[in-house]
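Q: Shown below is the structure under consideration.
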Amino acid sequence: MNESNPNPGAVRIIPREAHNISRKQISSGALRVLYRLNEAGYAAYLVGGAVRDLLIGGRPKDFDVATDATPEDVRRLFRNCRLIGRRFRLAHVVFGPEIVEVATFRGNGGDVDEADGGRQVVDGRIVRDNVWGTIEEDALRRDFTVNALYYDIADFSVRDYVGGFEDVQRRVLRLIGDPAQRYREDPVRMLRAVRLSAKLAFAIAPDARAPFAELGELLAHAPPARLFDESLKMFLAGNGLKSFRALEQSGLLGAVFPLTARALAFRGGETFRGVLEAGLAGTDARVAEGKSVTPAFLFAAMLWGAVRAQAEREIARGVEPNLAWQRVSLHVIAEQAKHVAIPRRFGQVMQEIWMLQPRFADRQKKRVFRLLAHPRFRGAYDFLLLRAGEGEDVAELGRWWTRVQQMPHDALAAELGVATVATADSAGGAPAADATKKRRRRRRKPAAQTAGDPQ
Ligand code: ATP
Ligand code: MG
């Protein structure tokens, strides 16, 4: 049902003087694509998130174009063009660092149960969508009304087939068509609702939110690769903290990050929340400053509560600590990867960040220098500070490592003195390669360095 538009598919044309989109706000690459398509006799529109963002005075992060030209037509018009995608065939036109995505209008083809040439629906889900259609059909298969507005380069008007223009003014996310059916077709739309509502400060229409309780579970079976992409958009695009809170509030967190949801609910959950939210806020701040961010660090924070609790349990059960951390790290990553894909290179970094945490407590000279030289020291140290800032009992350790890494090698060596007594857990945990050449001189530790952490 679509309350705002009793007559879906009927176009409303908002002329240039009745909206605020100016060509000055559109990227030069997108303008060139729009004009060239138009001059070649094709329809050419700016569409989707860019139109929505421009209408609310925002700065779009990318500019997508919709046209009646086929991908092959587009390739003939642009030398700097490549065709991509199988599930969803598209043309990418490249201008230096800018990529303009050009999509051919897609039609409905009806909901059939098998391949009908271009569109394939399996168990109600669309798995392939390459049936060309009209602009009206293209509008109706988009997710939210505010994402289905078309800016026409021919006369600078905005075309609205679904009541999206009004919904932008009212700042509300409303699904096109029957919400439950649209979520069944593609459960990731539930996450898109949550993410866009957080990013844009739009409300989710009540009838778009109502199915979450019943259909949220479908996200547990969504393709992990898509959930990875969507997670990056939620947590690493500058609105991570807001997105996380909205996800938790929506009741959908458990379907996508079950270990995180569980760890938040248990003993120590509030401390873990602190670490996680500080990680998200730190990531948002880095994005705002134009610095690089890595999914590994943030995913390490998302899963820290689960890793720490499980490792402590194993250790209490008598498992050797290093082994416990290693096993638990691998297990947690494998469990989470059933839901959200974790590419191997990120999993490896996450594991290193976690496994280095207990090693910060060991302040023997040799081990201190080894840890300082570890390729993952920086990430692990940043993670230690995250924990230290949120009431975990590592604040003194954090300060200590902050101080020692700024010291010249000789001064630090002098302060740490000669190699100190091996602690109980290091005796069995030393790497095998070291065991042969290990001839540790046993001296009594200076008092200041004996306690792992005085707090
Ligand atoms: P963002 O600002 O985060 O890029 P966006 O709305 O532009 O938001 P994209 O993923 O870039 O999101 O998608 C571009 C457009 O494609 C959307 O505006 C929407 O019209 C359509 N679209 C994207 N994902 C879906 C989906 N799962 N179902 C239907 N339409 C979709
Ligand atoms: Mg977009």
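Q: Throw me the Rg/Rh for the range 297-425, computed over C-alpha atoms with Kirkwood Rh, two decimals.
A: 0.99
Q: Take every Cα-Cα distance within the range 63-106, group them into 5 Å bins from 0 onward, and report for each bin the whole-number percent of pairs it holds.
A: Taking every Cα pair in the range 63-106, the percentages come to 5, 26, 36, 25, 7, 1.
Q: Same structure again: Would you work out the relative contact order for the range 297-425, in percent, from Cα pairs under 8 angstrom that are 6 or more residues apart?
A: 25
Q: What is the magnitude of the charge dipole of the range 202-359 about its Cα centre, with +1 placed on the Cβ of each Lys and Arg, -1 on the Cβ of each Asp and Glu, and no other charges, expressed in debye to the nearest 20?
A: Charge dipole, the range 202-359, about its Cα centre: 300 debye, nearest 20.
Q: Here's a follow-up. Counting every Cα pair in the range 165-261, what percent are over 23 Å apart?
A: Counting pairs separated by more than 23 Å, the tail of P(r) holds 18 percent.
Q: Determine the distance separating the Cα centre of the range 152-166 from the Cα centre of the range 226-253; give it in Å without decimals.
A: 29
Q: Still on this structure, I have one more. Going through the cross-link list Lys61/Lys338; Lys24/Lys242; Lys61/Lys291; Lys24/Lys61; Lys242/Lys338; Lys24/Lys291, which pairs have a Cα-Cα distance over 18 Å in this structure?
A: Pairs exceeding 18 Å: Lys61/Lys338; Lys24/Lys242; Lys242/Lys338; Lys24/Lys291.
Only the coordinates and a few stated rules stand behind these numbers; no lab work does. Everything numeric in this text was worked out from a predicted model, so none of it was measured. So basically every Cβ, Gly included, is an ideal-geometry build from the backbone, and we count neighbours across all protein chains shown.
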